[in-house]
1. Report the GluC sites (Glu not before Pro) located in the range 157-242 that are in a DSSP loop and have at most 10 other Cβ atoms inside 10 Å of their Cβ, or state none.
2. How many nm separate the modelled label positions at VAL92 and LYS34, each set 7 Å beyond the Cα in the direction of the Cβ?
3. Can you check what the net charge comes to around VAL197, using other residues whose Cβ is under 13 Å from the Cβ of VAL197 (Lys, Arg +1; Asp, Glu -1)?
4. At what distance in nm do the modelled label points of SER100 and GLN207 sit from each other, each positioned 7 Å from its Cα along Cα→Cβ?
5. Roughly speaking, what is the centre-to-centre gap between the range 166-204 and the range 212-226 when only Cα atoms are used, to the nearest Å?
6. Add +1 for every Lys or Arg and -1 for every Asp or Glu among the other residues with Cβ under 13 Å from the Cβ of ALA67, and state the total.
7. Using 7 Å Cα-to-Cβ label points, what is the ASP220/ARG84 separation (nm, one decimal)?
8. Quick check on packing: order 47-57, 69-79 by the mean number of other C-beta atoms within 10 Å, highest mean leading.
Amino acid sequence: MKHEPFQFRQFGIRQDRSAMKVGTDGILLGAWAKPDASIGSTVDIGTGTGLLALMIAQRYPHVHFDAIELDEHAAKDARLNFTRSPWHDRLVVWEGNALSWLGDPDKSRRYDFLISNPPFFREGIRSADPSRTLARHQDHLPDVAFWELADYIIDDPGQVDVILPAEAEARWCALASSSGFFLQRICQVRARPERSVSRSLLSFSRQQKPVERTDMTIRDDQGQQYSKAFCELTNAYYLTSC
């Protein structure tokens, strides 16, 4: 999905010119995610410029965030964005590969909530920009390993929220189930009413219950205006109403 001009109502998001831009996927996930009100410890895997951590921190004043980022330029931007935010004392950037935590007794952190806009391309042409390839392809965080990590670091009942291309939905649901996580909520997203579903917002938990299913269209059928549903979902984060 296209990149969007985006700022929090309180402050702007800094992005190094070499870093991934703030995109609609991240905005959708950060606004749609609905962790349990009792969460305390939260992790954002592949935080990029820190967007998801900042969005959740804005809505949940008691949450403490570990934000993990492999790309050094993006990690630098995330640190600066966290420092400039009103929630800087609750946000920490860890630079490195989250998979190094598996089986490491010195990194045996446990969390109530995991949020991620994960790399989802398993094959295909690599970008000439190494940072873009790192963010979008599974070389350093395969989907199987993602769920192995989630199983390792998420406490019971726990929650995992992600956004994926629609075609990856079935595979990720199957992998989640094999790791003991069950689908709780799903929102299928279309760019415009006449388009096919392009993204799936998914929320998993270790507790099995009836699945809440919704759908959303981002823009109207002319593609010029945001839909009412998108505006209502994201309004708390835009400087101007859409």
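1. GLU194
2. According to this spin-label approximation, the distance is 3.1 nm.
3. Neighbourhood net charge equals +1.
4. For the pair SER100/GLN207, the computed spacing is 3.5 nm.
5. Using only Cα atoms to place each centre, the spacing works out to 17 Å.
6. -2
7. Inter-label distance under the simple model: 3.3 nm.
8. The most tightly packed comes first, giving 47-57, 69-79.
Each value in this text was obtained by applying a stated rule to the coordinates, not by laboratory testing. In this text, all values refer to a predicted model and were calculated from it rather than measured experimentally. Using ideal geometry, Cβ is built from the backbone for each residue, glycine included, and neighbour counts are taken over all protein chains shown.
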